[in-house]
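What follows is calculated from the coordinates using simple rules that are stated; it is not laboratory data. Predicted model only: the values in this text are computed from it and were never measured. Heads up, the Cβs are rebuilt from the backbone with ideal geometry, glycines too, and the neighbour counts pull from every protein chain shown.
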Amino acid sequence: MTTFRKAGRACLLGLALASAALPVGAATRTANLPVSATVESACNLTTASMDFGTYQAGATANLDVTGSIRYTQCVGLTLTLELGPGANPSGTTRRMRSDAGGFLTYEIYKNSARTSVFGSGTAGLTLTAPTSGAQTVSIFGRIPAGQTVAPGTYSDTVAITLTF
């Protein structure tokens, strides 16, 4: 019996120690974990082009072409698209320049009737981007007839500004 009593006491002592480790009337606490992220627009100009091809010096008809400006990832934003005057303007007239220093007058318009010059400020475009995908804006170029210029390659660079 002595062995049984010793074993029983040891068992009771173990239970007492184990129950002393558990808190009496344990409580639960809760809190909120704030989770956040900032999403930036990945709005980008992806391509732009306008190629007039060949203009015949002294042509009796305007040379009209259509070009485009493409932007992507602007998801539902209101945008302002503006064009600068080019690298060789004469007042408000855009001009391409040849390697020899000659100039060929041209213009870029917002509409196919070529009555609204595409520029900056109020001459720019306000657009609402779609909720997904890319968007293309058509631009309309014209080299006016009657320009007698030296043969050569004429070019210009027009800054495009997309504000969102």
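Residues in segment 51-102 that are of a type in the set (A, V, I, L, M) and in a strand (DSSP E or B): 63, 65, 69, 79, 81, 83, 96.
To keep it simple, each residue is scored yes or no on (1) of a type outside the set (Ser, Thr, Tyr); (2) touching a residue at least 24 places away in the same chain (Cβ under 8 Å); (3) under 18 Å from residue 48 (Cβ atoms).
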{"residue": "66", "(1), (2), (3)": "no, yes, yes"}
{"residue": "75", "(1), (2), (3)": "yes, yes, no"}
{"residue": "84", "(1), (2), (3)": "yes, yes, yes"}
{"residue": "91", "(1), (2), (3)": "yes, no, no"}
{"residue": "95", "(1), (2), (3)": "yes, yes, no"}
{"residue": "120", "(1), (2), (3)": "no, yes, yes"}
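Those residues that are within 21 Å of residue 59 (Cα to Cα) and either in contact with a His (Cβ under 6 Å, 6 or more places away or on another chain) or loosely packed, with under 15 Cβ neighbours inside 10 Å (or both), I need them from segment 113-126; list them, please. Those that are within 21 Å of residue 59 (Cα to Cα) and either in contact with a His (Cβ under 6 Å, 6 or more places away or on another chain) or loosely packed, with under 15 Cβ neighbours inside 10 Å (or both): 113, 115. For segment 146-162, which residues satisfy the criterion of being touching a strand residue (DSSP E or B) at 6+ places or on another chain (Cβ under 8 Å) and outside any strand (DSSP E or B)? Matches in segment 146-162: 147, 149, 150, 152, 153, 156, 158, 159. In segment 111-131, is there at least one residue being out of contact with any Phe, Trp or Tyr (no Cβ under 9 Å at 6 or more places or on another chain), small (Gly, Ala, Ser) and under 30 Å from residue 39 (Cβ atoms)? Yes, that holds for at least one residue.
In segment 139-164, what residues are of a type in the set (Ser, Thr, Tyr) and either surrounded by 12 or more Cβ atoms within 10 Å (Cβ to Cβ) or at positive phi (or both)? Step through it out loud before you land on a result.
Here is the first cut: in segment 139-164, the ones of a type in the set (Ser, Thr, Tyr) are 148, 153-155, 157, 161, 163.
Within segment 139-164, 154, 155, 161, 163 meet the criteria.
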